[in-house]
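**Student:** Dropping the structure in here first, questions after.
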Amino acid sequence: MKHLLIIIFLLLSACSGEGSTASLIQQKSPHPGLAAENLQVSYAENSTIIPTFNGRLGSVSYALADGASDDIVQINPKTQSLTILNAGTTQLIVTDNGNDLYKPASSTLNITVSKAQRQPLSGSDLTYAYAEGLIHQVNVSGAKGQLDYALSPDYADDVVKIGSAGSLVIWRTGQTQITVKDDGGRNFLPAETQFKVTINQTESEPALYTDISHKAWWYGRG
């Protein structure tokens, strides 16, 4: 009988404690409102950003919104920060866990990472000796994306032939200009540059001289 009374007492105490906890949760007020400030930043490899919020009461957590791009930023839960991965747009769901007085709340965070400025694309003027059909590979510095080589408009189109990947074929002597465009890839703005190509006539071989002063001269014979 004594043991039965102890068990009943423990059960009543447990029920009373659960009721108190549930009551405490129910007594929390609705969150006054969480507003995430949308982010607009330029791409910078591995740079970290920390969003700001209005109405934040506790710690925040992030989750990718349905259908949003998953390769624009990387979520760092421990530091509550974001690492930039690529240019583009995405959307996160931000949740504030509230505090002892207020319930949790969520808000959307829109992120736009624009393409970055870049160093100029540059190429040097080129000069080659004429050798019809000889192929040279042309290169430029500062490339960030896909390159496209082409003869510049309004310049001679019969001095060299140029492939889109920079393969240059000598055609005849003269001068022309090449335009190179870089699309910048995913993360950088496009750029272009021009450079001259000059094809010079090769120097002729020196004439051979033979001394014939010691030979007899016969009229009518060479």
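The values are calculated or read from the model by the stated rules, or taken from the named source; none is laboratory data. All values reported here derive from a predicted model rather than from experimental measurement. Reconstructed Cβ throughout: ideal geometry from the backbone, glycine too, with neighbour counts over all protein chains shown.
**Student:** Restricting to the stretch 25-36, and then to whatever is surrounded by fewer than 11 Cβ atoms within 10 Å (Cβ to Cβ) and either basic (Lys, Arg) or over 13 Å from Gly98 (Cα atoms) (or both), can you tell me which residue is modelled with the highest pLDDT?
**Tutor:** Gln27
**Student:** Kindly indicate whether Tyr155 is more than 21 Å from the chain's Cα centre (by Cα), surrounded by fewer than 19 Cβ atoms within 10 Å (Cβ to Cβ) and not acidic (Asp, Glu). Let's see the steps before the verdict.
**Tutor:** Values: more than 21 Å from the chain's Cα centre (by Cα): yes; surrounded by fewer than 19 Cβ atoms within 10 Å (Cβ to Cβ): yes; not acidic (Asp, Glu): yes.
So Tyr155 passes the test.
**Student:** Filter the stretch 62-74 down to residues that are more than 17 Å from the chain's Cα centre (by Cα) and buried (at least 16 other Cβ atoms within 10 Å of the Cβ) and give me whichever is nearest to Leu189 (Cα to Cα).
**Tutor:** Pass one, the stretch 62-74, residues more than 17 Å from the chain's Cα centre (by Cα): 62-68.
Checking which are buried (at least 16 other Cβ atoms within 10 Å of the Cβ) leaves us with 62, 68.
Values: Tyr62: 29, Ala68: 23 Å.
Applying the filter and picking the extreme gives Ala68.
**Student:** For the stretch 160-176, give me each residue that is of a type in the set (S, T, N, Q), modelled with pLDDT of 95 or more and surrounded by fewer than 17 Cβ atoms within 10 Å (Cβ to Cβ).
**Tutor:** Step one: of the stretch 160-176, the residues of a type in the set (S, T, N, Q) are 164, 167, 173, 175-176.
Filter once more, keeping what is modelled with pLDDT of 95 or more: 167, 173, 175-176.
Hits for the stretch 160-176 are Ser167, Thr173, Gln175.
**Student:** Okay, next question. Under 7 Å by Cβ, and 6 or more places apart or on different chains, what pairs join a residue from the stretch 109-120 that is surrounded by fewer than 14 Cβ atoms within 10 Å (Cβ to Cβ) with one that is part of a loop (DSSP other than H, G, I, E, B) and not charged (D, E, K, R)?
**Tutor:** Every condition considered, the pairs that remain are Gln117/Leu189; Gln119/Gly142; Pro120/Gly142.
**Student:** List every residue pair whose Cβ atoms lie under 6 Å apart, where the two residues are 6 or more positions apart in sequence or sit on different chains, the first residue falls within the stretch 179-198 and is in the same structural domain as Gly163 (by TED's automatic domain parsing) and free of Cβ contacts under 8 Å to residues at least 60 places away in the same chain, and the second residue, located anywhere, is part of a loop (DSSP other than H, G, I, E, B) and basic (Lys, Arg).
**Tutor:** Pairs found: Gly185/Lys144.
**Student:** Then there is this: When you look at Asp148, is it of a type in the set (Asp, Glu) and buried (at least 18 other Cβ atoms within 10 Å of the Cβ), yes or no? It would help to see each step written out before you state the result.
**Tutor:** Details: of a type in the set (Asp, Glu): yes; buried (at least 18 other Cβ atoms within 10 Å of the Cβ): no.
Against the criterion (of a type in the set (Asp, Glu) and buried (at least 18 other Cβ atoms within 10 Å of the Cβ)), Asp148 does not qualify.
**Student:** Among the residues of the stretch 63-73, is any among the small types (Gly, Ala, Ser), without any contact (Cβ under 8 Å) to a residue 12 or more places away in the chain, at positive phi and not assigned by TED's automatic domain parsing to the domain that holds Val169?
**Tutor:** Just the residues of the stretch 63-73 that are among the small types (Gly, Ala, Ser), to begin with: 63, 65, 67-69.
Next, from what is left, pick out any that are without any contact (Cβ under 8 Å) to a residue 12 or more places away in the chain: 67.
Now restrict to residues that are at positive phi: 67.
Filter once more, keeping what is not assigned by TED's automatic domain parsing to the domain that holds Val169: 67.
Yes, some residue in the stretch 63-73 is among the small types (Gly, Ala, Ser), without any contact (Cβ under 8 Å) to a residue 12 or more places away in the chain, at positive phi and not assigned by TED's automatic domain parsing to the domain that holds Val169.
**Student:** Test each condition in (1) at positive phi; (2) of a type outside the set (Gly, Ala, Ser); (3) surrounded by 18 or more Cβ atoms within 10 Å (Cβ to Cβ) for Gln80 and report the one that comes out false.
**Tutor:** Every condition holds for Gln80 apart from (3).
**Student:** May I pose another question? Give Gly133, Gly88, Gly123 a once-over and let me know the one that is among the small types (Gly, Ala, Ser) and in contact with a Phe, Trp or Tyr (Cβ under 6 Å, 6 or more places away or on another chain). Before you say what the answer is, go through the steps one by one.
**Tutor:** On the way: Gly133 fails: in contact with a Phe, Trp or Tyr (Cβ under 6 Å, 6 or more places away or on another chain); Gly88 fails: in contact with a Phe, Trp or Tyr (Cβ under 6 Å, 6 or more places away or on another chain).
Being among the small types (Gly, Ala, Ser) and in contact with a Phe, Trp or Tyr (Cβ under 6 Å, 6 or more places away or on another chain) holds for just one of Gly133, Gly88, Gly123, which is Gly123.
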